[in-house]
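Student: Sharing a structure, written as structure tokens. Questions coming.
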């Protein structure tokens, strides 16, 4: 077991903190929507709620990037700068990488849906309904997770 942990610790912790980051991000998103609806009186069916969704999406992304950055820096890769200037540079590169993979995610999502629809893909059901959207998110998620890992390991938190 110790050998397994030594060999795969980085990947396992990356996945664990990825789940935590996703939970924080989703929590921020839905907390903002809930506050807008219940305290702000903005109904989800109203046009104003789209603005709330946009704000929630941006704040969710910021929260996710910050949680992922600090957990990856300390517990996943255990590397990186120690001064505030080095940390700020790493955070900038990390956030820029995440902006890039957000673009990659969007391109893969819309591109895959477009291709499957052009091929007249017919969804099928096996526990979930495997629509073009579901396939696109599965593909995009796999590529983005791997890309974020590579960016973090080799560009942001490279060992000195």
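The values are calculated or read from the model by the stated rules, or taken from the named source; none is laboratory data. The model shown is predicted, which means the values in this text are computed figures rather than measured ones. Methodologically, a virtual Cβ is constructed for each residue, glycine included, from the backbone with ideal geometry; neighbour enumeration extends over all protein chains shown.
Student: Among the listed residues 144, 58, 93, 150, identify the single one that is part of a helix (DSSP H, G or I), within 30 Å of residue 40 (Cβ to Cβ) and at pLDDT 90 or above.
Tutor: Values: 144 fails: within 30 Å of residue 40 (Cβ to Cβ); 93 fails: within 30 Å of residue 40 (Cβ to Cβ); 150 fails: within 30 Å of residue 40 (Cβ to Cβ).
When all the criteria are applied, what remains is 58.
Student: Still on this structure, please answer the following. When you go through 68, 23, 88 one by one, which is the residue that is surrounded by 14 or more Cβ atoms within 10 Å (Cβ to Cβ) and part of a helix (DSSP H, G or I)?
Tutor: Numbers: 23 fails: surrounded by 14 or more Cβ atoms within 10 Å (Cβ to Cβ); 88 fails: surrounded by 14 or more Cβ atoms within 10 Å (Cβ to Cβ).
Answer to the selection: 68.
Student: Taking the stated definitions as given, is residue 95 in contact with a helix residue (DSSP H, G or I) (Cβ under 9 Å, 6 or more places away or on another chain) and loosely packed, with under 14 Cβ neighbours inside 10 Å?
Tutor: When the stated conditions are applied, residue 95 does not pass them.
Student: Follow-up question, since we're still on this one. Six or more apart or on different chains, Cβ under 8 Å: which pairs go from a residue in segment 149-160 that's farther than 12 Å from residue 10 by Cβ and not assigned by TED's automatic domain parsing to the domain that holds residue 96 to one that's crowded, with 18+ Cβ neighbours inside 10 Å and modelled with pLDDT of 95 or more? Could you list them?
Tutor: Between residues of segment 149-160 that are farther than 12 Å from residue 10 by Cβ and not assigned by TED's automatic domain parsing to the domain that holds residue 96 and residues that are crowded, with 18+ Cβ neighbours inside 10 Å and modelled with pLDDT of 95 or more, there is no close pair.
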